[in-house]
1. In the range 12-26, what residues are open to solvent by less than 20 Å² (accessible area, probe 1.4 Å) and either touching a residue at least 40 places away in the same chain (Cβ under 8 Å) or part of a loop (DSSP other than H, G, I, E, B) (or both)?
2. Need pairs with beta-carbon distance below 6 Å; first residue free of Cβ contacts under 8 Å to residues at least 60 places away in the same chain and within 14 Å of ligand 1 (Cβ to nearest atom) and within the range 128-153, second acidic (Asp, Glu) and open to solvent by 40 Å² or more (accessible area, probe 1.4 Å); sequence gap 6+ or separate chains.
3. Restricting to strands (runs of 3 or more DSSP E) lying wholly in the range 27-104: which have 1 or more residues that are crowded, with 21+ Cβ neighbours inside 10 Å, modelled with pLDDT of 95 or more and of a type in the set (D, E, K, R)?
4. I'd like the full set of residues that are under 17 Å from Phe158 (Cα atoms) and away from ligand 2 (no atom under 14 Å from the Cβ), limited to the range 189-206.
5. Here is a list: Leu153, Leu210, Leu135. Which entry is hydrophobic (A, V, I, L, M, F, W, C) and in contact with a His (Cβ under 8 Å, 6 or more places away or on another chain)?
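The values are calculated or read from the model by the stated rules, or taken from the named source; none is laboratory data. Because the structure is a prediction, the values reported are computed rather than measured. Cβ sites come from the backbone with ideal geometry, for glycine too, and all protein chains shown count toward neighbours. Heads up: the accessible areas ignore ligands, DNA and RNA and are worked out on the full protein's heavy atoms, side chains in. Shrake-Rupley method; radii C 1.70, N 1.55, O 1.52, S 1.80 Å.
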Amino acid sequence: MNYKIGASILNADFLQLGSEISSVISLVDELHLDVMDGVFVENISFGAPVVSGIRAAHPDAIIDTHLMISRPHQFWKDFVDIGSNIVTFHAEATTHGYALLKQLRQAGVAAGVSLNPATDIAALEPVREYIDRVLIMTVEPGFGGQSFEPAMLRKIEFARKMLGDAVDIQVDGGINDRTVAEAKSAGANVFVAGSFIFGAADRADRVAQLRAAISR
Ligand code: DX5
Ligand code: ZN
């Protein structure tokens, strides 16, 4: 299994975003960029110009764009065109997930679909061959710094059984040195951490704690 850590910049110091990203870029496998529109979630974060600026500054980074927006079918292409490697939309935000998954792959990016805690993974079974990554929200989306929901562990187990090992199962929300191990045991292989990494001055130490917990 290929285990990966993504850093969510949502809890970084936005006034120092360049140096905040530089402080983690060589430590993690992916940059996880949380785009929020204030409609799909109760918060507004940043949009395509910020993602584009990050891409320009870090041409080789793996950019994992998490769209917490309504109408993802209207905006996905912007995030492909500015150089995302992975684009993930929410299953709850569109009735055209099948078409969107196929469009993302055809556009040359990895196709991701995310599920809120209350959304059943079984809804993805009919389109599973079009999915590169399932993002299982382990908090209600919208804000960093929330606590990991343990009930999501059985959803992760179910997802791994349903999807097999070729699909990335990503967890996002409340990941720290303890919950990362629980999520890994349940079957997840991509771990997003925001406040755990950015909440400490020594980011290398925090990422090392995550990697140690994953490799145990
Ligand atoms: C929540 C976002 C997450 C979040 C992670 O809606 O999708 O990526 O910022 O932050 P922590 O790790 O603090 O829960
Ligand atoms: Zn996210």
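1. Of everything in the range 12-26, those that are open to solvent by less than 20 Å² (accessible area, probe 1.4 Å) and either touching a residue at least 40 places away in the same chain (Cβ under 8 Å) or part of a loop (DSSP other than H, G, I, E, B) (or both) turn out to be Ala12, Val24.
2. Thr138/Glu149
3. In the range 27-104, 30-36, 63-68 are the strands (runs of 3 or more DSSP E) which contain 1 or more residues that are crowded, with 21+ Cβ neighbours inside 10 Å, modelled with pLDDT of 95 or more and of a type in the set (D, E, K, R).
4. Asn189
5. Sole residue among the options that is hydrophobic (A, V, I, L, M, F, W, C) and in contact with a His (Cβ under 8 Å, 6 or more places away or on another chain): Leu135.
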